[in-house]
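Shown next, in structure tokens, is the structure this report addresses.
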Amino acid sequence: MVKSIALILDGGFVFKKMPQSSVSAKDIYDFALSCIDRSSEELFRIYFYHCLPYDETEIHPISGEQIDFKTSNTAQRNRQLFSELAEMNHVALRKGRLVFRGWTIKKYTIRRLQNQMKTIQQLAATSQHQQPVSVQNQGIQATNADPLTANDFEAEFTQKEVDIKIGLDVAWLSSRKIVDKIILVTGDTDLVPAMKFARREGVQVVVINIIVKNSNKNDYLKAPLKEHADEIRSLC
């Protein structure tokens, strides 16, 4: 018997797992279809959840420059992607919003500073037992790590309204008996209550485990997602 399915895509999670740096609407659509077992499942609808690009202007803490996020390449690319997705067959686009939290030091900058401080400490320890070593000859300041520049900072955002919209759709699909199965592509354990509700309503819940190529780790799903799913379906 063919079962009707709704596919729930957490956009932020999907973007992180897609191998290419620039993801198109067709890439997402093709990936969504690959989650379905065509021999026993029939698509009702693909639900794609993601935040609209941030469209405000903020002042950079180092350069003092006004950064207009609305005109960034990422914002323009995402608006185009959302527009194309919304026009595809059997796709419903659910839009959250981004809240600006401030500026944070980039991860690679933190690693660079940690490595510099480690080198300074090693040189200092060596100089206690041997003749003095010129730290400057190592290309490092003796008293300070490299000063931070504007490029060492990035904007920090928080997603809003995505989880609640996923939960509402899962509840609606389940309580109305619209589909037999809900396939989830997410890594967010906040959706566990919605998963439990769907199962109580008699709807099967499938969670997709995306296996990243050339990685030693094949299971990225957190335990609560596996515990409250009827099926774990692995995809490369």
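The values are calculated or read from the model by the stated rules, or taken from the named source; none is laboratory data. Source: prediction; values computed, not measured. Every residue, glycine among them, receives a Cβ derived from its backbone with ideal geometry; neighbour counts consider all protein chains shown.
A compact table of results
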item	result
Check on LEU184, under 19 Å from HIS90 (Cα atoms), of a type outside the set (Asp, Glu), touching a strand residue (DSSP E or B) at 6+ places or on another chain (Cβ under 9 Å) and modelled with pLDDT of 95 or more	yes
Selected residue (criterion: surrounded by the fewest Cβ atoms within 10 Å (Cβ to Cβ)) from residues of segment 38-60 that are under 16 Å from SER72 (Cβ atoms) and of a type in the set (Ser, Thr, Tyr)	THR57
Enumeration of residues in segment 80-127 that are of a type outside the set (Val, Ile, Thr), more than 30 Å from ILE5 (Cβ to Cβ) and within 20 Å of the chain's Cα centre (by Cα)	PHE100, ARG101, GLY102, TRP103, LYS106, LYS107, TYR108
Filter result for PRO132 (assigned to a loop (DSSP other than H, G, I, E, B) and modelled with pLDDT of 70 or more)	no
Any hit, segment 148-163, residues being part of a loop (DSSP other than H, G, I, E, B), at pLDDT below 90 and aliphatic (A, V, I, L, M)	yes
Residue count for segment 157-166, restricted to those that are surrounded by 16 or more Cβ atoms within 10 Å (Cβ to Cβ) and of a type in the set (S, T, N, Q)	1
